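Worksheet: the structure to be examined is printed underneath.
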Amino acid sequence: MIVSEEKLLRLSELPAGTKAVIKEHDQSEFSLTLMEMGCVPGEPVWVEMIAPLGDPMAINIAGYYLSIRKNEADKIWVIAN
């Protein structure tokens with residue numbers, strides 16, 4: 001039997017080209033906005049590109065591209081594939 005250990009990371013920690021699945025959000029006023037943008041738990045996300053200075057980052061989620069700031073991506077916990 002193979003047991004895989006899930007490693008939670010913040011979305012902001014992932015490099016460009018990485019795929020992940022959203023696990024949860026930090027509780028904040030912004031979490032509702034994140035869910036309205038499609039960042040819901042269980043949703044696959046792909047980090048498309050990151051700006052040269054690291055902010056913002058472009059992600060592919062729910063069939064569209066979303067530009068998100070690093071401080072917003074810090075609030076999203078993912079499991080990297």
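In the stretch 48-66 there is at least one residue matching the filter, namely being in contact with an Asp or Glu (Cβ under 8 Å, 6 or more places away or on another chain) and farther than 24 Å from Glu6 by Cβ. Taking the criterion of being under 14 Å from Ala20 (Cα atoms) and either in a strand (DSSP E or B) or of a type in the set (Lys, Arg) (or both), the residues of the stretch 59-81 that qualify are Ile59, Asn60, Ile61, Ile76, Trp77, Val78, Ile79, Ala80. Do we find that Ala16 is assigned to a strand (DSSP E or B) and out of contact with any Leu (no Cβ under 6 Å at 6 or more places or on another chain) in this structure? No.
FYI, it's all coordinate maths here, none of it is from the lab. Keep in mind it's a predicted model, so treat the numbers as computed, not measured. Here the Cβ is made from the backbone with ideal geometry for all residues, glycine too, and neighbour counts use every protein chain on show.
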